There are 2 protein chains.
Amino acid sequence: MGWKRGWRRKLTFLFMPCVSSCFSAAEEEQQAQSKKGLKKQQKEAEKAAKKAEKQAKVAAEQQSAEEDDFAKDRYGVSALVQSQQKLDRTLVRVQDLTPEKADQLIWLRARVHTSRAKGKQCFLVLRQQQFNVQALVAVGDRASKQMVKFAANITKESIVDVEAMVRKVEQKIESCTQQDVELHVEKIFVISQAEARLPLQLEDAVRPDGEGEEEGRATVNQDTRLDNRVIDLRTTTSQAVFRLQSGVCQLFRDTLTKKGFVEIQTPKIISVFRAEDSNTHRHLTEFVGLDIEMAFNYHYHEVIESITDTMVQIFKGLRDNFQTEIQTVNKQFPSEPFKFLEPTLRLEYTEGVAMLREAGVEMGDEDDLSTPNEKLLGRLVKEKYDTDFYVLDKYPLAVRPFYTMPDPHNPKYSNSYDMFMRGEEILSGAQRVHDAQLLTERAQHHQIDLEKIKSYIDSFRYGAPPHAGGGIGLERVCMLYLGLHNVRQTSMFPRDPKRLTP
Amino acid sequence: MGWKRGWRRKLTFLFMPCVSSCFSAAEEEQQAQSKKGLKKQQKEAEKAAKKAEKQAKVAAEQQSAEEDDFAKDRYGVSALVQSQQKLDRTLVRVQDLTPEKADQLIWLRARVHTSRAKGKQCFLVLRQQQFNVQALVAVGDRASKQMVKFAANITKESIVDVEAMVRKVEQKIESCTQQDVELHVEKIFVISQAEARLPLQLEDAVRPDGEGEEEGRATVNQDTRLDNRVIDLRTTTSQAVFRLQSGVCQLFRDTLTKKGFVEIQTPKIISVFRAEDSNTHRHLTEFVGLDIEMAFNYHYHEVIESITDTMVQIFKGLRDNFQTEIQTVNKQFPSEPFKFLEPTLRLEYTEGVAMLREAGVEMGDEDDLSTPNEKLLGRLVKEKYDTDFYVLDKYPLAVRPFYTMPDPHNPKYSNSYDMFMRGEEILSGAQRVHDAQLLTERAQHHQIDLEKIKSYIDSFRYGAPPHAGGGIGLERVCMLYLGLHNVRQTSMFPRDPKRLTP
């Protein structure tokens, strides 16, 4: 028991079956410092209390003044759901609201996505994750004038329980995912109330960049999104991104399990640590690494083939099972479909350098690739081979870490490789030196303090098999597969030098 | 490119198809300080160099003195496997060495588990993970005297490539997993040489505690194991433990995916941190948490049922698919089979306290359970209900964290629960307070600095659904399912206040 026991490596599963919400799974991880301060929070709490008082007063007045409201038991703000009772009530999911359900009276829990009062009617759009449906509260047999007014005043993003009759519509409702039916509301209760002023509007947050400018409409900048990630994660785009990310993890593991791999958990608390510049569009101070290490028999290309096949299985799985998500993201961020070859294209570093030189780039044989040159090479490879995924093999030894196995035929090169998606690196890997003596020599050559890597070198003293591997950046794979432009879009709560919360 | 980019949350897969080894997947994580120091390491390097020189000299002398060795091309130390060539050679797995392969000439890569010279013969046991087979090098047509001597001198744990004829044996070889065949070695090459002096012997490391004492044989203490984890992980017991752990992760995810959950990755770098005492048999400074959060409709028992069903699916999956692993661990650490009920037993806290009082324990209604009392209650529950898994529900509000939802009917209790395996807690969970105002009040009651949890509280201001969840300790689940007694046995590279390496 306790709310923080040491440092957790979490594998978290979230289930929000009814409501399009996504608060962080672990509360303790959201507890963070803020510059705006305690005072503001206390003020807000006071404000909220005053507001609640006022609401209660209004409600009381309303009740006493209009005792004749025949519908008064059909709407209201429910008591906080504190598990008071086990209600035997089936809640229908929005995605299941189809013409087959026509003329049925159903219960539903959903968020108020938008609301629009119009004379004696109030139109609501009710949302669950990526699905939404139109609902109508209209003065009549089942709803009073007061009930319509109550419905019209429910704040956006509040969660409501609704009892309603499902009705077929004659004209498709183009603005909703459920286009063939609407709900005629007979009861409506607020389950969880959102504050009236949202820090960002969901419709602004899914608007394509260009479109906003042209029509003079708002878009939401990245800092506002990330400061209010709990709301930003509710957009159809975010929902699609993180469902697809969950899919990448699943496809990665399923493929490797079938190949006979065993999943292991490695420590995150370590004594050696290297910081890199995380102030770029593709770096974070914390990222999820899908790592593979594999013993091979005679040649590290056995491992390259296993990894590229795993990537191909992921690409195919996404293409075949996540089309809805891909298209949802494309609506806001248009991109070309991701292309790949089978078997995967493998180029040698020298071939890559030759292609760049032919395109006018000046660089030495053993120079590392700059980020712009990586991207340029990606474009050249796409033109020539029509693929967004390829392996660049045999990097210069000088630009790789000390534990990289040198090329047996040319001491200037190494048995190492990067893998690229749309011209950006998503995996760096190599045959590792598995001999303690050679490893010591290589570390000394790199002027690494042997003291600090003693337990690493020692682990190779008692017979280690030849092996190779690599680390895949999960956020990058999702970003580049979807053709997005910032890795923060594919990290649920990104961390960089300027961001430690939420 | 680079060997450390920020802080990684790794999901690692290891594949050691041929050799029973398990070095840490990510080298950078093994790089750590040691007290023994640089000097010793340099000395060792010098020693190794001298040894290699001596070996080369001996080999040269041998060669010049015995040019008449007809088998001289049939054995030796291979050059470091540096991916010099793509050899078109199929390697057979030890587990596939059955009588069907009799009289076939095969190639095999394995570790030398034991070796025993006997006149003109040398018996080797060759091992791959949990499987092993007997191999014979005997002076004759295919092997010279010198070759037998060479084989006899190969250090234990070295990795060798062997060409051999598979032969059926008349009497079962009880000491090996492959009991019906042995290998008649025709060629043997050392691929990776182990240092002669192993810090621990594998046969000592799998000896049941009692047995060692009785027979005056060595067992290996925990610190020696963990200091030399790279060898300790090669034992049949360790191999079984971590294969089962991989199975727990897979069953957990598969079950939740089927239930409609989405996997998410939460940040590990956070600004609020609570340290607990990790100097116990069941605490680590770092552990793997399998976390679930789920929105529910009306009562948090909906969530308890989802979690307990997930646990039951894990228990069933282990029972049905991991019998070999369970029995392997049981050989060294005997335990009763793990028992569970369907549906899972749920007791209220007050019932638990009553059972303890009946057994003579003195405690107040709202006291927390001490570890000994948890264990005692586990035994009482096992006696009464015949289950090793149960839920204790409705803990006193005072002993739970501030974000726990109070019981609506009795303000001294709460909508919170722990789950126990063999009397030890493996999950702590609750309905969470999803209302910003109540959350603020509860935090103030606990005298928590609101400033520090601002972003957490703010995340509930825009409509949050009622929800509950819990965090499962992966290492504890494996430890307790297998009836082990220290969580360090089920953590690959455990971290505690005294251990940061390997």
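The values are calculated or read from the model by the stated rules, or taken from the named source; none is laboratory data. Predicted, not measured: the structure shown is a model, and the values here were computed from it. Glycine also receives a Cβ, built like all others from the backbone with ideal geometry; neighbour counts cover every protein chain displayed. Please note that ligands, DNA and RNA were not included when accessible areas were found on the heavy atoms of the full protein model with its side chains. Shrake-Rupley method; radii C 1.70, N 1.55, O 1.52, S 1.80 Å.
Do we have B:PRO465 as touching a Cys at 6+ places or on another chain (Cβ under 7 Å) and in the same structural domain as B:SER370 (by the TED database) here? Yes; evaluated as a whole, the condition is true for this residue. The residues of segment A:331-356 that are touching a residue at least 40 places away in the same chain (Cβ under 8 Å) and outside any loop (DSSP other than H, G, I, E, B), listed by number, are A:LYS331, A:GLN332, A:LEU345, A:ARG346, A:LEU347, A:GLU348, A:TYR349, A:THR350, A:GLY352. Regarding A:LYS394, is this residue more than 30 Å from A:CYS478 (Cα to Cα), at pLDDT 95 or above and among the basic types (Lys, Arg)? Considered against the rule, which asks whether it is more than 30 Å from A:CYS478 (Cα to Cα), at pLDDT 95 or above and among the basic types (Lys, Arg), A:LYS394 comes out as no. So, B:VAL185, is that one part of a strand (DSSP E or B) and in contact (Cβ under 8 Å) with a residue 60 or more places away in the chain or not? So B:VAL185 passes the test. Return yes or no: is B:MET363 among the hydrophobic types (A, V, I, L, M, F, W, C) and surrounded by fewer than 18 Cβ atoms within 10 Å (Cβ to Cβ)? So B:MET363 fits the description; yes. Looking only at segment B:194-202, decide whether some residue is outside the structural domain of B:GLN104 (by the TED database) and of a type in the set (Lys, Arg). Yes: one or more hits.
Looking at this structure, is B:GLU351 surrounded by 17 or more Cβ atoms within 10 Å (Cβ to Cβ) and either in the same structural domain as B:PHE261 (by the TED database) or touching a Cys at 6+ places or on another chain (Cβ under 7 Å) (or both)? Can you show your working first?
Values: surrounded by 17 or more Cβ atoms within 10 Å (Cβ to Cβ): no; either in the same structural domain as B:PHE261 (by the TED database) or touching a Cys at 6+ places or on another chain (Cβ under 7 Å) (or both): yes.
Judged against the criteria, B:GLU351 is not a match.
With respect to A:ARG207, is the statement that it is outside any strand (DSSP E or B), more than 14 Å from every other protein chain (Cβ to nearest Cβ) and open to solvent by 20 Å² or more (accessible area, probe 1.4 Å) true? Walk me through it before giving the result.
Details: outside any strand (DSSP E or B): yes; more than 14 Å from every other protein chain (Cβ to nearest Cβ): yes; open to solvent by 20 Å² or more (accessible area, probe 1.4 Å): yes.
Yes: the conditions hold for A:ARG207.
Based on what the data block shows, is A:THR371 in contact with a Ser or Thr (Cβ under 9 Å, 6 or more places away or on another chain), open to solvent by less than 40 Å² (accessible area, probe 1.4 Å) and closer than 15 Å to A:ASP418 by Cβ? So A:THR371 does not fit the description; no. Evaluating A:ASN410 against the criteria (1) in a loop (DSSP other than H, G, I, E, B); (2) open to solvent by less than 10 Å² (accessible area, probe 1.4 Å); (3) away from chain B (no Cβ under 11 Å); (4) of a type outside the set (Lys, Arg) leaves one unmet condition, (2). Is there a residue being over 37 Å from the mean Cα position of the chain (by Cα), facing chain B (nearest Cβ under 10 Å), open to solvent by less than 10 Å² (accessible area, probe 1.4 Å) and within 26 Å of A:TYR349 (Cα to Cα) anywhere in segment A:417-432? The answer is no; no qualifying residue exists.
Residues in segment A:72-105 that are of a type in the set (Val, Ile, Thr) and either assigned to a loop (DSSP other than H, G, I, E, B) or open to solvent by 20 Å² or more (accessible area, probe 1.4 Å) (or both): A:VAL77, A:VAL81, A:THR90, A:VAL92, A:THR98. Is there a residue in segment B:131-152 that is under 20 Å from B:GLN179 (Cβ atoms), within 14 Å of chain A (Cβ to nearest Cβ) and not hydrophobic (A, V, I, L, M, F, W, C)? No: segment B:131-152 contains no residue that is under 20 Å from B:GLN179 (Cβ atoms), within 14 Å of chain A (Cβ to nearest Cβ) and not hydrophobic (A, V, I, L, M, F, W, C).
Taken over segment A:219-260, the criterion of being charged (D, E, K, R) and touching a Pro at 6+ places or on another chain (Cβ under 8 Å) is satisfied by A:ASP227, A:ARG229. Every condition in (1) open to solvent by less than 30 Å² (accessible area, probe 1.4 Å); (2) under 11 Å from the mean Cα position of the chain (by Cα) holds for B:ARG243 except the one numbered (1). Looking across segment A:470-492 at every residue that is among the aliphatic types (A, V, I, L, M) and in a loop (DSSP other than H, G, I, E, B), the one that is nearest to the chain's Cα centre (by Cα) is identified as A:MET492. Considering each residue of segment A:106-125 in turn, none proves to be part of a loop (DSSP other than H, G, I, E, B) and open to solvent by less than 40 Å² (accessible area, probe 1.4 Å). Part of a loop (DSSP other than H, G, I, E, B), of a type in the set (Ser, Thr, Tyr) and out of contact with any Phe, Trp or Tyr (no Cβ under 9 Å at 6 or more places or on another chain) - does that describe any residue in segment A:224-245? Checked against the condition, which is being part of a loop (DSSP other than H, G, I, E, B), of a type in the set (Ser, Thr, Tyr) and out of contact with any Phe, Trp or Tyr (no Cβ under 9 Å at 6 or more places or on another chain), segment A:224-245 yields at least one hit. Checking each residue in segment B:162-176 for being buried (at least 16 other Cβ atoms within 10 Å of the Cβ) and closer than 28 Å to B:ILE231 by Cα picks out B:VAL162, B:GLU163, B:ALA164, B:ILE173, B:CYS176.
To keep it simple, each residue is scored yes or no on (1) over 30 Å from A:ASP254 (Cα atoms); (2) facing chain A (nearest Cβ under 10 Å); (3) of a type in the set (Phe, Trp, Tyr).
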position: B:ASN221; (1), (2), (3): yes, no, no
position: B:ASN228; (1), (2), (3): yes, yes, no
position: B:ILE231; (1), (2), (3): no, yes, no
position: B:ARG243; (1), (2), (3): no, yes, no
position: B:SER246; (1), (2), (3): no, yes, no
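Under the condition of being open to solvent by less than 10 Å² (accessible area, probe 1.4 Å) and not β-branched (Val, Ile, Thr), the residues counted in segment B:126-151 number 8.
Every residue, every condition in (1) surrounded by 20 or more Cβ atoms within 10 Å (Cβ to Cβ); (2) modelled with pLDDT under 95; (3) of a type in the set (D, E, K, R), yes or no:
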{"site": "B:THR266", "(1), (2), (3)": "yes, yes, no"}
{"site": "B:ALA275", "(1), (2), (3)": "no, yes, no"}
{"site": "B:TYR300", "(1), (2), (3)": "yes, no, no"}
{"site": "B:ILE304", "(1), (2), (3)": "yes, no, no"}
{"site": "B:THR308", "(1), (2), (3)": "yes, no, no"}
{"site": "B:VAL312", "(1), (2), (3)": "no, no, no"}
{"site": "B:ARG319", "(1), (2), (3)": "no, no, yes"}
{"site": "B:GLN323", "(1), (2), (3)": "no, no, no"}
{"site": "B:PHE333", "(1), (2), (3)": "no, no, no"}
